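Here is the structure we will look at.
Bear in mind these aren't lab numbers, they're just calculated from the coordinates by the rules spelled out. Everything numeric here is computed off the predicted structure, so don't read it as measured data. We place every Cβ from the backbone using ideal geometry, glycine too, and count neighbours over all the protein chains shown.
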Amino acid sequence: MNPREWTPKQQLERGIAAGVLVLVLVWPALFGSYWSHQILTETFLFGIAAASLTFLCAYGGMVSLAQTALFGIAGVILGNLVTQGGPGGTSKALHLGWDPTVALIVTILMTTAIGLVLGAVASRSTGIYFLMITLTYSVIATYVLGQVTKISGFSGIGGINRYTPGWIGSILDHPNRLYYIALGVSIVVYLLIRYVVRTPFGITLQGVRDEPLRMNSLGYNVPLHRTLAFGFAAFLASLAGVLYVWWSGQIAPGNVDLPETINLLVMAVIGGLWRIEGAWLGAFAFIVIENYVRDFQVPGLSFGGTLFGGSFNTIIGILFLVIVCVSPGGLMGIWDRLVAASGRVRGAAPRVPAAPAEQ
Amino acid sequence: MTDYAESVRGRADRALRLRAIWRQVPRVLVVGAIAFAIAYVLFITEVSPLSGGGSWRTTTFGSAVHDPGSFLKIVLDSLTFASALFIVASGFALIFGLMRVVNMAHGAFYLLGGYIAYEIQQSMTGQGFSIPTSEVNTWEWLLPLLVAAPCIAVVGLATQQIFLRWNQGQELRQALITIGISVIVADQIIAHFPRATSTVAQKFGGNAVSMTWPGWTDRFVDMHVWNVEYSLARLVMFALGVAVGVGLWLWLYRTKAGIVIRAGVDDEQMTSALGVNIQKSFAIAFVVGSALAAVGAVVWASQSNIASGQDGQWLLNSLVVVIVGGMGSIFGAAAGALLYAFVLNFSASYLPVTSADCCGQYSPIFTFILIALVLAFRPRGLFGRGG
């Protein structure tokens, strides 16, 4: 941990990271609440969801489109467990009215278990096949939530953020608490991923990513490692889902449908699929664009109101297309290239994990 | 020493035998579940009383033995839906099988093709939003199809030549690129279709439109079995599906171009080493695959409707068909489409209806079970090959 032993690039990056950390820590005290309670909180929680995707892609070689579905499943489970119905709670759900803390733990456990089952089904498939299977998970989750009206229905569940655990208190009255919780969970998730990929499990997983056949002949259970990695990613996605329902108060099939699934992928890709940091960077870029470009209309391509196409989605689609064509590593890839190109760090070994082998 | 070796071998043998039995368990369970499903549909279910409520075996229809007419209708529904599925999904499977490109924009192409055909039919008939079937002749249905399919073929070709040709083999990147294209196309469809709604206020009505079958299909055909009368339009749809299937089969298995394409599916490098212009095959595959999306869109827009947002649904349909059926084979696409359509329709019609407000639709769950079962035994799909 001695800064003098770090490569110049590490010194630079960790310096920037420390600066950003200090900035976001003091942000709510110094700057406006719109940025802290809307943009940054949303960035943190979608960053966690995107990080679960980036983790699977960078270290498992699995591009999963099911992370949005797991994120939504966690939200729906929590909504069913904690809400109490009655006056003001007309939305469809089971309204079990559990203690929020117990419900929180059960939600995370259940989502992780669902992730393990889904992962087990998909674990023998790789590459593009895996992508397709996880995409069907996501679409099927949308339809299940929409059509099984006992647990959600198309209008979804509302008012979930009124039921937070006592040790957190009301996040409606104290939005800063949610901000710091999201920030703290983001940091913990980042450190956890960094730790997990250094454990024997993480190293094996990277072996499975690069050489599944060889790892199999060495006696490692390849599908099991993929399943466990998927379960871990489901755990991360469930954290993001819980934070999301606390933040927005509601969850509906519209939160896990195909456009949302693609949005999460866009965040991860814009940030960079090969570095965990990219998840939050991509989420930040996406959400800033979403908030400030909503009303901009592409000349000649838009219709009228922002609801009617031709604005935000076209812009984000073009941006996504450009990034995928120009820099598959996303913004972090551009950063890596810039640093490598600048003379200050000539000769330094890149510490980027190798690109997942194309299969 | 030998005793020890014997005992070790005996233990190993027993462990292996146990494991062999254990390995058969899922197979037995699956066979049992399928047998139960068939028995359930054939004999066990009964019609639910109109007031709702009832036991676990009440459904909308009675069992196939008691109510063979409904059963036949659902079989026909499944067959005709499967043919629409097959038309769309075979295009997806063709592109995927030959080029390993997962064309995520297939659903967006489907939607675009449907809207182009709709606009042409509107301008040909000069009618308003909904056209009476009797006022549409065959030509007014066929021409939109014949224009929309080449339009989408050109869009597909452009996509392939501009965005996919230079990064062949990078499957993930290509999938991401087609996702980007699908986002843009879907958004532009919302902005520009249908043309008739020109004000913001009209746009609030959504953009679901449907095409109209030619007038002569608007009647019911007596099937002469169990007093069933069935829609001629759906039978036409079935015939179209079969025609597309037979056409693809003749093209892929009976012409030189088809042989080259199948060789490309099996071994791309070897085929091009033999002097075949594989790039041309790739372009042809994209042209035909995209055109099939438009054909499927016209067929299904005539039967049902199209609206933005359905691009995801039809992408899912194509994905499920290809995942279940296996890639690189039109038989796989046909088998996948049939299985998917039967599971979807039968689970929607024959699952228990216990009360009015619960559980109308279990079908998506059964779609998932279908995928899980197939993948558990054949990770590459029913007709998939190779590793």
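Hydrophobic long helices, here whole DSSP H runs in chain A with Kyte-Doolittle means of at least 0.5 and Cα atoms spread over 18 Å or more along the helix axis, are found at A:8-30, A:41-60, A:67-82, A:100-122, A:127-147, A:175-196, A:222-248, A:258-271, A:277-293, A:312-326. Over segment B:205-270, all Cα pairs binned in 10 Å intervals from 0 give whole-percent P(r) values of 17, 25, 23, 21, 13, 2, listed from short to long. From least to most packed, judged by other beta carbons within 10 angstrom and beginning with the fewest, B:LYS256, B:LYS73 follow the order B:LYS256, B:LYS73. I need the shape label for segment B:70-347. Rule: rounded when a/c is under 1.5, else prolate if a/b > b/c, else oblate, with a, b, c from the alpha carbon gyration tensor. Oblate, because a/c is 1.5 or more while a/b does not exceed b/c.
Rounded to the nearest 500, the 222 nm mean residue ellipticity of chain A from helices alone is -21500 deg cm²/dmol, with -39,500 (n - 2.57) taken per DSSP H run of at least 4 residues. At R0 = 35 Å, how high is the FRET efficiency between B:ARG17 and B:PHE377 if r is their beta carbon distance? Nearest 0.05 is fine. So the FRET efficiency works out to roughly 0.95. A dipole drawn for segment A:9-257 from +1 and -1 charges on Cβ atoms has a positive end, and of A:GLY19, A:VAL222, A:GLY169 the residue lying farthest that way is A:VAL222.
Helical content alone sets the calculated 222 nm signal of chain B at -22500 deg cm²/dmol, taking -39,500 (n - 2.57) per DSSP H segment of four or more residues and averaging over every residue. How would the protein assembly as shown be classified by its alpha-carbon gyration tensor: rounded, prolate or oblate, with rounded meaning a/c under 1.5 and the a/b versus b/c comparison settling the rest? Rounded, because the longest to shortest axis ratio a/c is under 1.5. Once the dipole of chain A is set up with Lys and Arg at +1 and Asp and Glu at -1 on Cβ about the Cα centre, which of A:PRO200, A:VAL266, A:ALA141 lies farthest towards its positive end? Going by the charge dipole, the pick is A:PRO200. On the basis of the beta-carbon distance and an R0 of 51 Å, A:PHE201 and B:ALA35 show a calculated FRET efficiency of 0.80. Net charge dipole, segment A:194-283: roughly 320 debye, given to the nearest 20, about the Cα centre with Cβ charges of +1 for Lys and Arg and -1 for Asp and Glu.
Taking a span of 30 Å or more along the helix axis (Cα atoms) and a mean Kyte-Doolittle hydropathy of at least 0.5 as the rule, the DSSP H helices of chain B that qualify are B:68-99, B:138-159, B:171-192, B:232-254, B:278-303. Near the amide H of B:SER231, within less than 5 Å, lie the amide hydrogens of B:VAL221, all on another chain or at least 5 residues away, with H placed in the peptide plane.
What's the FRET efficiency of A:TRP35 with B:GLN168 using the Cβ-Cβ distance as r and R₀ = 51 Å, to the nearest 0.05? The calculated FRET efficiency here is 0.70. Assuming charge only on the beta carbon of Lys and Arg (+1) and of Asp and Glu (-1), the dipole of the protein assembly as shown about its Cα centre is about 1880 debye to the nearest 20.
When each of B:TYR230, B:TYR4, B:TYR115 is scored by the number of other beta-carbon atoms lying within 10 Å, the sequence from fewest to most is B:TYR4, B:TYR230, B:TYR115. Scattering from segment A:9-257 was approximated by placing one identical point on each alpha carbon and applying the Debye formula without solvent; log10 I(q)/I(0) at 0.12, 0.15, 0.17 1/Å stands at -0.73, -1.06, -1.25.
Along the axis of the charge dipole computed for segment B:70-347 (Cβ charges of +1 for Lys and Arg, -1 for Asp and Glu, origin at the Cα centre), the listed residues B:TRP249, B:VAL236, B:LEU157 are led at the positive end by B:LEU157. Net charge dipole, segment A:137-255: roughly 100 debye, given to the nearest 20, about the Cα centre with Cβ charges of +1 for Lys and Arg and -1 for Asp and Glu. Under a 10 Å cutoff between Cα atoms, tell me which one of B:GLY309, B:GLY215, B:GLY32 has the largest fluctuation in the Gaussian network model of chain B. Highest fluctuation among the options: B:GLY32. Of the residues B:ILE44, A:ILE318, B:ILE152, the one with the fewest other Cβ atoms within 10 Å heads the list, and the complete ranking is B:ILE44, A:ILE318, B:ILE152.
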